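**Student:** Please find one structure pasted underneath; my questions will follow.
The values are calculated or read from the model by the stated rules, or taken from the named source; none is laboratory data. Please read all numbers here as calculations on a predicted model, not as lab measurements. Ideal geometry is used to build each Cβ from the backbone, glycine not excepted, and the neighbour counts take in all protein chains shown.
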Amino acid sequence: MSILEEHIKSICKDNPNYGYRRIHAMLKRLGLLVNKKKVQRLIQKLKLQVTSFTRKSRKYYSYKGTIGKVAPNRIKRRFNTCIVHQKITTDTSKFKYYESDKSGNMQVKKLYLNPFLDMYNGEIISYSITKA
């Protein structure tokens with residue numbers, strides 16, 4: 001048994017729910033540079049695959065509950081219009097970016113973009129960008 005296999009077995013023994021990505025990260029922290037595909041193959045060979053988080057064990061569940069008040073659908077998929085500023089729509093997009101703090105640690109930050117779109121010609125009339 002190789003040194004790499006022994007390290008993988010010890011990591012799996014301490015953390016039985018770790019998949020190949022986490023094991024690869026742990027090996028990297030220990031100073032062992034190994035390809036993640038090799039780690040994947042060794043985990044399969046040693047029969048150490050995690051079974052509690054497979055796609056088959058989880059059932060799809062999309063219900064999010066009642067969140068706020070739902071506005072009535074007034075456009076009803078009639079997006080085209082002949083009159084300027086008759087139908088104005090918006091959609092919020094979330095962007096993730098990294099920013100370093102004073103001590104040099106990288107922190108995940110979020111930005112929200114809200115464009116206001118005129119359905120007459122698809123032109124963006126206005127937009128707002130806010131930090132979370």
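**Student:** Do we have any residue at all in region 49-65 that's among the polar types (S, T, N, Q), under 24 Å from Ser128 (Cα atoms) and either in a loop (DSSP other than H, G, I, E, B) or out of contact with any strand residue (DSSP E or B) (no Cβ under 6 Å at 6 or more places or on another chain) (or both)?
**Tutor:** no
**Student:** Which pairs turn up if I take residues in region 70-95 that are modelled with pLDDT of 90 or more and look for partners that are among the β-branched types (Val, Ile, Thr) with beta carbon separation below 7 Å, at least 6 apart in sequence or on another chain?
**Tutor:** Lys87/Ile75; Lys87/Thr81; Ile88/Ile125
**Student:** Of all residues in region 6-27, which are of a type in the set (Lys, Arg) and surrounded by 12 or more Cβ atoms within 10 Å (Cβ to Cβ)?
**Tutor:** Across region 6-27, the qualifying residues are Lys9, Arg22.
**Student:** For region 23-35, name all the residues that are within 12 Å of Ile8 (Cβ to Cβ) and in a helix (DSSP H, G or I).
**Tutor:** Passing the criteria: Ile23, His24, Met26, Leu27.
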